[in-house]
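Before any comments, here is the structure.
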Amino acid sequence: MIELFEQDMRTNDRQSSKGNQLKWENQGHWYKADYTGYEGLAEYMISHLLQKSSLQDSEYALYDLEQIKYKTTVYNGVRSRNFLTDDWQIVTLERLVKQFFNESLYQSVFRITETEERLRFLVNQVERITGLRDFGIYMNKLLTIDALFLNEDRHTHNIAVLMNGRGEFAYCPMFDHGAGLLSDITQDYPLGNDLYELLDEVRAKTISMDFEEQLIASEKLFGAHLTFSFTKQDIRRLLQEAVIYSEEVRSRVEQILYQQMRKYEYLFNK
């Protein structure tokens with residue numbers, strides 16, 4: 001457990017459609033407290049399972065479980081290393097496009113009818129502003145992660161690039177998976193409800209409301225660039241270590257992951 005204080009608290013423009021978690025920065029680490037359910041468990045599970053994928057370690061943020069004491073309350077949550085160095089900062093795609101073109105990327109994307117064309121437009125805008133190449137590959141990887149793990153909060157405030165003081169851009173490690181795995185048990189996905197009915201209700205937010213439609217569009221435009229090698233045993237091992245969460249929560253996460261592994265079997269190395 002770590003005790004954090006008001007001077008450690010941070011706010012940013014990475015808005016969530018479900019409100020903002022409490023966030024702190026302390027001695028080179030970021031901390032986030034659970035807000036609507038078990039966001040911390042989702043961050044932990046997803047990022048650790050990404051260790052068993054074709055991603056390089058530098059391509060994603062790794063989250064570890066942490067209990068956080070703030071004032072008189074103890075929260076479940078996670079910590080992650082601050083991956084920003086020197087004068088680099090995180091710039092969300094929404095902020096990036098707003099600064100350069102004075103228009104909302106999210107609104108511009110959804111004025112386009114076809115899902116593929118929405119993604120093509122988003123990628124072209126980012127590459128045009130930043131000079132980054134292969135942003136479509138980056139988006140395929142991100143949308144693959146979100147489809148497999150059901151991250152329902154990946155909008156344009158929640159995708160980012162890095163920018164330094166000289167106006168140079170770089171790819172940002174993939175972060176913020178807390179809205180995955182039906183973690184919102186306060187509002188939308190209460191414990192005790194039928195799991196398969198809840199799975200049918202989850203909606204994406206990036207370029208479509210359908211995770212599979214987003215993924216197919218990215219694969220068609222830019223190819224498939226992410227595979228996984230984790231097993232059911234890996235899932236069980238990670239959940240056994242997550243003792244700050246109830247058995248009911250851990251069991252549900254286990255069943256969700258098993259179902260998603262079956263659904264996206266083609267993403268797994270044989």
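Bear in mind these aren't lab numbers, they're just calculated from the coordinates by the rules spelled out. Computed from a predicted model, the values in this text were never measured in an experiment. Methodologically, a virtual Cβ is constructed for each residue, glycine included, from the backbone with ideal geometry; neighbour enumeration extends over all protein chains shown.
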Run lengths n ≥ 4 of DSSP H only: what is the helix-derived mean residue ellipticity at 222 nm for the chain, with -39500 (n - 2.57) per run over all residues, to the nearest 500?
-11500 deg cm²/dmol
Taking the stretch 204-250 as the region of interest, what is the percent of Cα-Cα pairs per 5 angstrom bin, listed from the shortest bin to the one with the maximum distance?
5, 17, 15, 12, 11, 19, 16, 6, 1
Alpha-carbon centroids, the stretch 151-169 and the stretch 226-247: separation in whole Å:
28
What are the extents of the Cα atoms of the stretch 60-155 along their three principal axes, listed from largest to smallest and rounded to whole Å?
48, 33, 24
Do any GluC sites (Glu not before Pro) in the stretch 122-218 lie in a loop, going by DSSP, with at most 13 other beta-carbon atoms within 10 Å of their beta carbon, and if so which?
E168
Using Cα pairs under 8 angstrom and six or more residues apart, how large is the relative contact order of the chain, in percent?
23
For the chain, which longest stretch is free of loop sites, where a loop site is one of the chymotrypsin sites (Phe, Trp or Tyr not before Pro) that DSSP puts outside H, G, I, E and B and that has at most 14 other Cβ atoms within 10 Å?
111-270
Among F121, T85, I185 - extreme Cα towards positive end, dipole of the chain, charges at beta-carbon:
T85
Least to most buried among K220, K32, by other C-beta atoms within 10 Å and fewest first, runs K220, K32
For the stretch 128-193, just the Cα atoms, rotate onto the principal axes and tell me the three extents in Å, largest first.
51, 23, 16
Cα centre as origin, Lys/Arg/Asp/Glu Cβ charges: the stretch 89-267 dipole, Debye:
680
Based on DSSP H assignment, which helices of the chain show an axial Cα extent of at least 18 Å together with a mean Kyte-Doolittle hydropathy greater than or equal to 0.5?
135-149
If I model the stretch 2-81 as equal point scatterers sitting on the Cα atoms and use the Debye formula, what is log10 I(q)/I(0) at q = 0.19 Å⁻¹?
-0.84
Listed by chain and number, the lysines with an alpha carbon less than 22 angstrom from that of K71, same-chain partners under 8 positions apart left out, are K23, K32
Out of the GluC sites (Glu not before Pro) in the stretch 1-105, which ones are loop residues according to DSSP with at most 11 other C-beta atoms within 10 Å?
E103
If you put +1 on each Lys and Arg Cβ and -1 on each Asp and Glu Cβ, how big is the dipole of the stretch 2-81 around its Cα centre, in Debye rounded to 20?
120
Enumerate by residue number the trypsin sites (Lys or Arg not before Pro) in the stretch 65-126 meeting two conditions: DSSP loop (anything except H, G, I, E, B), and at most 10 other Cβ atoms within 10 Å of the site's Cβ.
K71, R111
Of Y171, F230, I137, whose Cα points farthest to the positive end of the dipole of the stretch 89-267 (charges on the beta-carbon: +1 Lys, Arg; -1 Asp, Glu; origin at the Cα centre)?
Y171
So I have (1) 47, 45, 32; (2) 53, 39, 35; (3) 59, 39, 37, and one of them is Cα extents along the principal axes in Å calculated from this model. Which one is it?
(1)
I want to verify the translational diffusion coefficient of the stretch 115-270 in µm²/s; compute it with Stokes-Einstein, Rh as the Kirkwood radius over Cα pairs, at 25 °C and 0.890 mPa s.
145
